[in-house]
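Notes follow once the structure below has been shown.
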Amino acid sequence: MNWKSSLILGAVIGVIGGYAAREFVSKKTKVSPEKVLEYVKKQFKESGPISGSWIHMEAVPYEKHKFHYQVYKGGISKNTNGANVQYEFIADAYTGTLIDIRRLPEDLAS
C-alpha cells in the first residue's frame, strides 16, 4: 500500500470515527433545562400570553406506560379570563420532548 492509499484510508477511518463519536455523545447528552423551558413556553404562547414559568434544574426518573425516562418537571401559569390557570409539564431530559402536560386543579394552583 502506498502513502496516498494510506492517507485516504486514514482520512476515511477518521471521518467514520468522528461521526460515530458525535452520535454516541449526542445520545448521552441531556438538553439543558433552560432550553426545555424555552420550548414549552413557546408552545404555550401560541394560545396566549403566559404569566409565569419554572423548571426543576435536575433530571429525575419517570415512568409512563412502562417506559422509563429521565425528565425535567416544570410549570406554566396563564391568566385565562381573569383566572390564574397553572399547568405542570414533564419533558424528556435527552430530547426535550413533552411527555405529559396537565392542568392543576384550582385549589392546588393557589
Virtual spin-label span in nm between THR80 and THR97, 7 Å along Cα→Cβ: 2.5
Averaging over all projection directions, find the projected area of the Cα convex hull of segment 65-105 and quote it in nm² with one decimal place. 3.4
Expressed in nm to one decimal, what extension gain is obtained for the pair HIS68 and TRP54 from 0.36 nm per residue of sequence separation less their Cα-Cα distance? 2.7 nm
As straight-line cross-link partners of LYS78, the qualifying aspartates and glutamates (C-alpha separation under 13 Å, not fewer than 8 residues apart within one chain) are GLU46, GLU88, GLU106
Work out, step by step, the length gained on full extension between ILE16 and TYR39: first 0.36 nm times the residue separation, then minus their alpha carbon distance; give nm to one decimal. 5.0 nm
Rank these residues by their accessible area, most exposed first, probe 1.4 Å: ASP100, ASP92. ASP100, ASP92
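The values are calculated or read from the model by the stated rules, or taken from the named source; none is laboratory data. These numbers come from a predicted model, not from an experiment. Backbone-built Cβ (ideal geometry, glycine too); neighbour counts: all protein chains shown. Only protein heavy atoms, including side chains, enter the accessible area calculation; ligands, DNA and RNA are left aside. Shrake-Rupley method; radii C 1.70, N 1.55, O 1.52, S 1.80 Å.
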